[in-house]
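The values are calculated or read from the model by the stated rules, or taken from the named source; none is laboratory data. Since the model is a prediction, treat every value here as computed from it, not as a measurement. Glycine gets a Cβ as well: all are built from the backbone with ideal geometry, and neighbour counts include every protein chain shown. Side chains are part of the model used for accessible areas, which takes the heavy atoms of the whole protein and leaves out ligands, DNA and RNA. Shrake-Rupley method; radii C 1.70, N 1.55, O 1.52, S 1.80 Å.
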Amino acid sequence: MANTFKTVTFAAEPNASGTPYVIYTANSSTTTIVLGLILTNIHTAQVTATLRLVSDTANGTAVLLNAAPIPVGSSLELLAGNKVVLETTDQLTIDCSVADKLSGALSIMEIT
């Protein structure tokens, strides 16, 4: 088994509030360990963010963060020090109270 560390970034998501943006989908032959996620508010006012783990291999969708406020000019560091395992085809999605106002970086390790 090979372990590959990766960073997944996004600039201004989601395209519309209420339409979650898929940050990452685990490949069909991959188990992924989430090492951390940083969400940054790039708006001129406070926004709220929701992070979900969408799984068709487990018991469905888990809300990992629900409507958490992110002040103007601030970042929110999530999952640091706590690992989340994504099985094949699992997804991490984000939603924001305002369209195009979250930027971020996801750190993962893929096991193939």
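Side notes on the structure shown:
- Residues whose placed amide H lies under 5 Å from that of Ile23, excluding near-sequence neighbours: Leu92, Thr93, Ile94
- Remark: the range 88-94, residue by residue, has Karplus-estimated 3J(HN,Hα) of 3, 6, 5, 10, 10, 10, 10 Hz, where x stands for each Gly or Pro and the curve is 6.51 cos²θ - 1.76 cosθ + 1.60 at θ = phi - 60°.
- Label selected from [x] 0.99; [y] 1.05; [z] 0.97, the criterion being Rg/Rh (Cα atoms, Kirkwood Rh) as computed here: [z]
- Once the chain from Asn3 to Asn15 is taken as fully extended at 0.36 nm per residue, the excess over their C-alpha distance is 1.1 nm.
- Multiplying the residue separation of Thr57 and Ile111 by 0.36 nm and removing their Cα-Cα distance gives an extension gain of 17.7 nm.
- Considering only Val22, Val98, Val72, the mean-square fluctuation computed in a Gaussian network model of the chain, springs between alpha carbons under 10 angstrom, is largest for Val72.
- The portion of the accessible surface of the chain made up by carbon and sulfur, rounded to a whole percent, is 51 (1.4 Å probe; DNA, RNA and ligands excluded).
- Ordering of 106-112, 61-67 by packing is 106-112, 61-67, highest average first (other Cβ atoms within 10 Å, averaged per residue).
- Multiplying the residue separation of Thr89 and Asn27 by 0.36 nm and subtracting their alpha-carbon distance yields 21.7 nm.
- Calculated from backbone phi, Karplus (6.51, -1.76, 1.60) coupling profile of the range 7-12 in Hz, x at Gly/Pro: 10, 10, 10, 8, 9, 8
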